[in-house]
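K.L.:
Sharing a structure below in structure tokens format, with a few things to ask.
Every read-out reported here was derived from the displayed coordinates using simple, explicitly stated rules and does not represent laboratory data. Values in this document were obtained by computation on a predicted structure and should not be read as measured data. Cβ atoms come from the backbone with ideal geometry, glycine included; neighbour counts cover every protein chain shown.
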Amino acid sequence: MEIRRGIPVSPGIAIGEAFVLDSEDSPITRRVIEEHGIRAELDRFSAACDQAIAEIFESVKKLPKSLHGEVAPIIESHAKILQDKSLQLQITSGIEKNRHNAEYEVSRVFRSFVKRLQATGNQMFENRVVDLLDIERRLIRNLLNEKRSEIATRGKDLIIIAHDLTPSQTLALDKEKVIGFATDAGGPTSHTAILAKAMEIPAVVGLESITSAISGGDVLIIDGTEGTIIVDPDEDTLKNYRALERNRLSYEQRITLELRDLPARTLDGHEVRLLANIEFPEEVKLALQHGASGIGLYRSEFLFLRPGPPPAEREHLEAYRKSLSLLGDRDLTVRTLDLGADKLESDGPTKEKNPFLGCRGIRLCLQRPDLFRPQLRALLRASAYGDIRIMFPMVSSLEEIRSARAVVEQIKHELRREGAPFNDHVKIGIMVEVPSAALLADILVRESDFFSIGTNDLVQYTMAVDRANERIAALFQPAAPAVLRLVKYVIEEGERSKKPVCMCGEMSGDVTYTLLLLGLGLKEFSMSPPSIADVKMVIRSVTMKEAREIAHKALTFTEAGKVVEFLRERTRKIIPEAF
């Protein structure tokens with residue numbers, strides 16, 4: 001029996017046989033087309049593009065209703081990229097001017113976009129590389145008239161082992177036969193991880209060399225909650241995990257139905273707000289179905305992801321208005337562009353030696369008013385239609401907040417002059433995800449209407465750990481005492497100044513930390529919609545006195561592992577089914 005540890009991205013337990021999936025990349029060669037053959041090559045590309053779009057929409061039609069709200073926008077975004085006129089023009093121009101075969105131009109153009117995203121230094125954008133490669137493969141398969149190499153579904157209770165899985169490969173998993181997957185690469189914020197959660201397929205990623213360590217037919221246990229893979233388990237281990245699997249399924253079905261419409265209120269009447277993190281307007285419905293009381297983090301980057309020119313003010317406004325109409329009187333907090341070091345120059349991204357410490361978030365926005373101002377204008381105009389809030393990412397100093405707010409005031413003046421309606425008192429807050437911002441919370445709170453703690457980056461920068469690096473994944477610990485001290489201080493300063501403090505990182509949706517955060521005084525939790533029921537269950541099972549005692553004890557430990565062990569033990573006593 002061998003145990004391997006990776007990054008948990010979709011909870012649950014799966015027990016089955018390994019199927020090792022080979023790479024499906026097709027070799028691409030460059031050919032020069034004769035002058036008289038260019039028209040035919042253009043037609044071939046157009047047909048392949050139309051076929052790919054049709055395949056995407058057909059896969060959306062086949063989605064069960066339970067998955068449509070969360071999964072459809074991800075898959076449909078692939079079609080939108082293929083339909084983009086700018087992208088098509090780049091490929092067709094290459095065919096016409098360079099007389100290259102369509103496969104080569106498709107690969108060349110898509111790989112240039114991939115390099116641009118990889119240069120951003122933003123983990124969310126780097127994760128989207130998989131989406132672009134997925135679209136490229138689909139196009140090339142159609143150009144080469146290859147049959148789609150779907151993931152094998154022979155037999156039952158298969159666990160897919162692969163270097164990585166694209167979103168379309170994940171969506172192609174037959175849930176009647178494929179019950180889990182594990183990959184060498186990947187991270188918790190990739191579209192593949194999101195799809196795995198939505199499809200309720202236990203998954204562990206970031207295992208580095210799992211494909212070379214496992215043979216087809218090996219018996220495996222995947223624990224997507226703990227992030228472990230057990231190879232060739234003994235009989236006692238199998239028996240224990242089968243019991244855990246049955247208990248987990250029963251628990252999830254029960255609490256989703258029971259708790260959706262109930263408040264997140266402790267046994268002694270202390271109520272907190274549970275909000276949702278989303279990327280697309282269509283995800284609002286899913287958030288409400290899971291009982292979210294609003295949207296605590298709307299990632300607006302999807303508007304910038306597609307190839308072509310940056311989104312216009314009209315596109316921003318349309319997306320925000322659609323979200324607000326679905327929310328009714330609930331609030332919508334929109335994070336302004338959180339792109340990394342890609343400056344979108346005509347000759348490609350500007351190289352930075354260390355993009356994680358480079359021109360990111362609010363820094364880029366302040367340097368690029370052509371990107372920032374249209375988004376701010378749309379956000380202010382959208383404020384006339386509902387409770388929208390503006391949130392600036394990657395703030396590290398007071399000067400940045402003041403500079404960003406100055407731009408907002410300039411735009412308000414413009415809108416007044418134009419006679420455009422907007423809420424003059426729209427709330428403006430910041431993400432606290434850089435240690436300097438956390439340490440300056442007492443100062444920054446004077447210029448902010450609210451804080452939102454982004455634990456993913458806060459942990460990364462505090463612990464000097466690249467959260468996408470599988471080799472040091474174990475060091476990425478939200479429970480690190482240094483991180484907990486920063487979180488505690490930010491919450492305390494918000495309370496002292498009577499300014500709301502939310503948390504929207506992965507830590508917020510992990511039940512391991514719910515008692516700790518509740519005891520520290522956090523009053524707003526924002527998370528992936530499927531996590532809401534678990535967190536609500538914990539909150540409704542304790543008193544604030546108990547939570548404060550647990551938080552006080554947790555802060556006395558000097559090692560992250562001890563903190564996690566203590567918190568899990570206390571949470572397990574309250575709701576053992578959560579683990």
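K.L.:
Under a straight-distance cross-link criterion of Cα-Cα below 30 Å, which lysines are reachable from Lys61, leaving out those fewer than 8 residues away in the same chain?
P.N.:
Within the straight-line limit of under 30 Å, Lys61 reaches these lysines: Lys80, Lys85, Lys147, Lys156, Lys175, Lys177, Lys197, Lys285, Lys322.
K.L.:
Kindly state, as a whole number, the per residue volume in cubic angstrom of the convex hull around the alpha carbon atoms of the stretch 260-578. Please list the in-between numbers first.
P.N.:
On the way: hull volume 43.8 nm³, N = 319.
Expressed per residue, the convex hull around the Cα atoms of the stretch 260-578 is 137 Å³.
K.L.:
Quick one: length gained pulling Arg485 to Lys239 fully straight, 0.36 nm per residue minus the C-alpha distance? Numbers along the way, then the final one.
P.N.:
Working: separation 246, 0.36 × 246 = 88.56 nm, distance 4.07 nm.
Between Arg485 and Lys239, full extension yields 84.5 nm more.
K.L.:
Take every Cα-Cα distance within the stretch 460-555, group them into 5 Å bins from 0 onward, and report for each bin the whole-number percent of pairs it holds.
P.N.:
Calculated over all Cα pairs of the stretch 460-555, the distribution is 2, 13, 22, 23, 21, 12, 5, 1, 0 percent.
K.L.:
Quote to one decimal, in nm, the extra length available between Ala474 and Arg260 on full extension: 0.36 nm per residue of separation minus the C-alpha distance between them.
P.N.:
Numbers: separation 214, 0.36 × 214 = 77.04 nm, distance 3.36 nm.
Once the chain is fully extended between Ala474 and Arg260, it gains 73.7 nm.
K.L.:
Would you mind ranking Thr558, Thr192, Thr455 by Cβ crowding within 10 Å, fewest neighbours first?
P.N.:
Numbers: Thr558 7, Thr192 29, Thr455 23.
If I rank by nearby Cβ atoms, fewest first, I get Thr558, Thr455, Thr192.
K.L.:
Mind putting a number on the dipole of the chain about its Cα centre? Charges go on the C-beta only, +1 for Lys and Arg and -1 for Asp and Glu, and I need it in Debye to the nearest 20. Intermediate values should be presented prior to the final figure.
P.N.:
On the way: 79 positive and 86 negative charges, 279 e Å.
Result for the chain is approximately 1340 debye, rounded to the nearest 20.
K.L.:
Among Ile575, Pro233, Phe304, which residue has its Cα positioned farthest towards the positive end of the charge dipole of the chain, with +1 placed on the Cβ of Lys and Arg, -1 on the Cβ of Asp and Glu, and the dipole taken about the Cα centre?
P.N.:
My answer, from the dipole projection, is Phe304.
K.L.:
A further question on this structure: Within straight cross-link reach of Lys545, meaning Cα distance under 30 Å, which lysines are found once same-chain residues fewer than 8 apart are removed?
P.N.:
Straight-line reach from Lys545, under 30 Å: Lys488, Lys498, Lys499, Lys523, Lys536, Lys553, Lys562, Lys573.
K.L.:
Along the charge dipole of the chain, pointing to its positive end and built from +1/-1 on Cβ of Lys, Arg, Asp and Glu, which listed residue (Ser46, Thr170, Ala479) has its Cα farthest out?
P.N.:
Positive-most Cα among the choices belongs to Ala479.
K.L.:
In nm, to one decimal, how far is the modelled label at Leu555 from the one at Asn98, with both set 7 Å along Cα→Cβ?
P.N.:
In this crude label model, Leu555 to Asn98 measures out at 5.9 nm.
K.L.:
Still on this structure, please answer the following. If I take all pairs of Cα atoms in the chain, what percentage of them are more than 41 Å from each other? Don't skip to the answer; put the middle values down first.
P.N.:
On the way: 39551 of 167331 pairs.
The proportion of pairs with Cα distances above 41 Å equals 24 percent.
K.L.:
Taking other Cβ within 10 Å of each residue's Cβ, how do Ile53, Ile411 sort, fewest first? Working shown, then result.
P.N.:
Values: Ile53 17, Ile411 21.
Exposure proxy ranking, most exposed first: Ile53, Ile411.
K.L.:
Turning to a different aspect of this structure: Give me the one-decimal nm value for the distance between modelled label points at Arg496 and Ala464, 7 Å along each residue's Cα-to-Cβ direction.
P.N.:
2.9 nm
K.L.:
Moving to a separate point now. How many nm is it between the label spots at Ala384 and Glu2, if each spot is 7 Å from the Cα in line with the beta carbon?
P.N.:
6.4 nm
K.L.:
Where nothing but the Cβ of Lys and Arg (+1) and of Asp and Glu (-1) is charged, how large is the charge dipole of the stretch 260-578 around its Cα centre, in debye to the nearest 20? Let's see the in-between values first.
P.N.:
Working: 46 positive and 45 negative charges, 85 e Å.
Its charge dipole is roughly 400 debye.
K.L.:
Continuing with the same structure: In which sequence would Lys427, Lys545, Lys62 go, from the one with the fewest C-beta neighbours within 10 Å to the one with the most? Each step should come with its number before you reach the end.
P.N.:
Numbers: Lys427 18, Lys545 13, Lys62 8.
If I rank by nearby Cβ atoms, fewest first, I get Lys62, Lys545, Lys427.
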